[in-house]
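The values are calculated or read from the model by the stated rules, or taken from the named source; none is laboratory data. What you see is a predicted model; the values in this text were computed from it and never measured. Reconstructed Cβ throughout: ideal geometry from the backbone, glycine too, with neighbour counts over all protein chains shown. Accessible surface areas use protein heavy atoms only, side chains included; no ligands, DNA or RNA. Shrake-Rupley method; radii C 1.70, N 1.55, O 1.52, S 1.80 Å.
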Amino acid sequence: MAKENNTNNTPKKPRFSSWWIYGVVIALIIGFQFFGGSSFSSTEKTTTSELQEFLRNGDIAKIVIITNTRQAKVFLTEEALNKDVHKGVAQKPLLPSTSLVPQYVLDYGDLQIFQNEITEIKKENNLDTIIEFDTESNVLGEIFLTLLPFALIIGIWIYLMRRMSGGGGGGAGGQIFNIGKSKAKLFDEKTDTRTSFKDVAGLEGAKEEVQEIVEFLKNPDKYTSLGGKIPKGALLVGPPGTGKTLLAKAVAGEAKVPFFSLSGSDFVEMFVGVGASRVRDLFKQAKDKSPAIIFIDEIDAIGRARGKNNFTGSNDERENTLNQLLTEMDGFGTNTNVIVLAATNRADVLDKALMRAGRFDRQIYVDLPDLNERKEIFEVHLRPIKTAETLDLDFLAKQTPGFSGADIANVCNEAALIAARKEKKAVTKQDFLDAVDRIVGGLEKKNKIITPEEKKTIAFHEAGHATVSWMLEHAAPLVKVTIVPRGQSLGAAWYLPEERLIVRPEQMMDEMCATMGGRAAEKVIFNKISTGALSDLEKVTKQARAMVTIYGLNEELGNITYYDSTGQNEYGFTKPYSEETAQKIDQEISKIIEEQYRRAIALLEENKDKLTELAERLLDKEVIFKDDLEKIFGRRPFEKEEEELEPEPAN
């Protein structure tokens, strides 16, 4: 108890506050305003001509000429104070002391001329006016004027230092000198939330690689006994949301070594040399606690390729930080038992010196999950969700092609929110389907004002997509068609694309033809076209351009590509082909698109009655599914042919 009382009675060290600096600065400004100017700044001013008039009338008792400030103080006689012309000035003469406030003050020009004029008037009028000379130094004003800039600079500097060092308590000196220290967070498995490899679904190849890095640190002798070296670093590369940072969190949870985590932007600072200083401090801390792991998220913030031309004409602070990072990772003084993990989705912009072996020995590509991996990710994110039934995870995985791990987590969360919005006690399969629609297409806008004519055009447009895709072998299978506005679209046809590792020209052609089915339906039914096909045209133009300029799938141009996988165009701002080739590219792109457009029109002309029936059903129900198309069109032609084929007898 004594110890506790002593602790409570100990006066706390006052926290540093920058407010007293602002108070001093304000006091200096106010003091300068009140005391910094002339000591008789409130006295009424007059002119030389008025002074001469007052002097001729015998109103002036004394004139004190201040030689160093070119000012003169004027003191009136008692008789002059009673005159109407001098109303508003002091009613009592302040003679003989010249230090008191005079009745008037004036600024004169040349001292000799001013003195001669006053002396002449005295002689002409036989006046006994006293004329004195004096000097006046405004010491207080000069002190304020001298100290004010320094006080402002010091106040602003301390304020900036405190902001840069994160504010908070403590002395100003300690906060200022912390600016060059690393901002890395040291992971503590006892206090922080622990993430393990069990929480990382899918990504088997990437998970295996980072698990091995943890093993390197736990049991280095197993690998070094044969003469091998522990890798210096591993770079996690992949699209956003695929789980790069989650892998790093799992490493932090599994490793029994210090784990320093920070972002690439934490090195960036407005002061010169701070980034390099933080890199040095980070590796010093890690080396002191080795074996250790450093994780730098979004490393492209400091690891971008150094340019040959420096447009700013000055030393680039980011390059200094990158140079220091290169030196620390594999320089003359090598850090042993310190492994660097980094993550980025822009590996193409990273500096080649950073990517070489010896710095990042391993580049782990974290790709979008496939069908089986999406199923595993759903299992992880469905754990905390209360479902009304046993969900078919294979079905959910098939409904989310191209989704990343973050997208799937969003689907599960959105499904729970939709179920709660509908006052349900548990989440159902339909809630997940609605969540997918919400994420892909946007929120439904049933109250959007659409005229009957526009609604009919939208219905035939979407029915055109559905009809053409149903008749083509390589087009994506249809899931449903809706004319309910979602997001920026007025209608949509939902497909379930096949996940292919390679794509053939006929597959791309069928997909482009199905995409042009909407505009083709407008042409067939109304003999008019509209702006509703904007997104379709954008999609097919990109596909056709990719066929011609990237994949070399055009006979006219041949087996050539203008794609640069490094992302660094060696031709600068010019195109890597001639103007003649550019014209051929444009012609071939237009030729491909127009050919598929005519093909879609031909298919719809053959099935015009079924197209009309489908559009009318869509106008009636607003949403139709695959079963509705089977009732109208029957089974897809190529699927029927496949069923008719008898299986070969087994040997």
Original post:
Rounded to the nearest 0.05, what FRET efficiency do T327 and D288 have when you use their Cβ-Cβ distance and R0 = 25 Å?
Top reply: 0.90
Original post:
Between rounded, prolate and oblate, where does region 205-283 land on the alpha carbon gyration tensor, with a ≥ b ≥ c its root eigenvalues, rounded for a/c under 1.5, else prolate if a/b exceeds b/c?
Top reply: oblate
**OP:** Quote the accessible area belonging to I502 in square angstrom, nearest 10, computed with a 1.4 Å probe and with ligands, DNA and RNA left uncounted.
**Re:** 120
Original post:
Between region 482-558 and region 196-272, what is the C-alpha centre distance in whole Å?
Top reply: 41
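Which FRET efficiency, nearest 0.05, do D367 and L148 yield, Cβ-Cβ r, R0 56 Å?
Here the calculated transfer efficiency is 0.35.
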Original post:
Considering the zone a paramagnetic label at V503 would reach in this model (a point 7 Å from Cα along the Cα-to-Cβ line), which residues of region 221-255 have amide N under 18 Å from it?
Top reply: 239
Subject >> Chain lengthening between K455 and K218 when straightened (0.36 nm per residue, less Cα-Cα) >> reply: 78.8 nm
Original post:
So, in nm, how far is label K386 from label K445 when the simple model puts each one 7 Å beyond its Cα toward the Cβ?
Top reply: 3.5
Subject >> Partner lysines for K425 [C-alpha distance under 24 Å; skip if fewer than 8 residues away on the same chain] >> reply: K386
Original post:
What distance in nm separates the simple spin-label points at S535 and E613, each placed 7 Å from Cα in the Cβ direction?
Top reply: 2.9
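For region 406-502, what class follows from the C-alpha gyration tensor (a ≥ b ≥ c being the square roots of its eigenvalues): rounded when a/c is under 1.5, otherwise prolate if a/b is larger than b/c, else oblate?
oblate
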Subject >> Euclidean distance between Cα centres, region 403-451 to region 345-376, Å >> reply: 32
Original post:
In whole percent, what relative contact order does region 399-460 give with Cα contacts below 8 Å and a gap of six or more residues?
Top reply: 29
Original post:
Which of K539/K591; K424/K626; K375/K398 have a Cα-Cα distance over 19 Å?
Top reply: K424/K626
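Which entries in K222/K249; K456/K631; K83/K122; K584/K608 show an alpha-carbon gap greater than 31 Å?
Long pairs (Cα-Cα over 31 Å): K584/K608.
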Original post:
Tell me, what ³J(HN,Hα) does each residue in region 529-539 have, in order and in whole Hz, if you take phi through Karplus 6.51 cos²θ - 1.76 cosθ + 1.60 with θ = phi - 60° and put x for Gly and Pro?
Top reply: 10, 9, 7, x, 9, 4, 5, 5, 5, 4, 5
Original post:
Classify region 465-561: rounded, prolate or oblate, from the alpha-carbon gyration tensor (a ≥ b ≥ c, eigenvalue square roots; a/c under 1.5 rounded; otherwise prolate if a/b is larger than b/c)?
Top reply: prolate
Subject >> Simple spin-label estimate for K591 and K398 in nanometres, 7 Å along Cα-Cβ >> reply: 4.0
Original post:
Roughly how much of M508 is accessible, in Å² to the nearest 10, using a 1.4 Å probe?
Top reply: 20
**OP:** For H465, H474, write out the residues from largest to smallest accessible area, computed with a 1.4 angstrom probe and no ligands counted.
**Re:** H474, H465
**OP:** Could you go through region 488-495 in sequence order and give the Karplus-derived ³J(HN,Hα) for each residue, using 6.51 cos²θ - 1.76 cosθ + 1.60 with θ = phi - 60°, rounded to whole Hz, and x for Gly and Pro?
**Re:** 9, 8, 8, x, 7, 10, 9, 10
Subject >> Surface accessible to a 1.4 Å probe, V105 within the full protein complex, Å² >> reply: 0
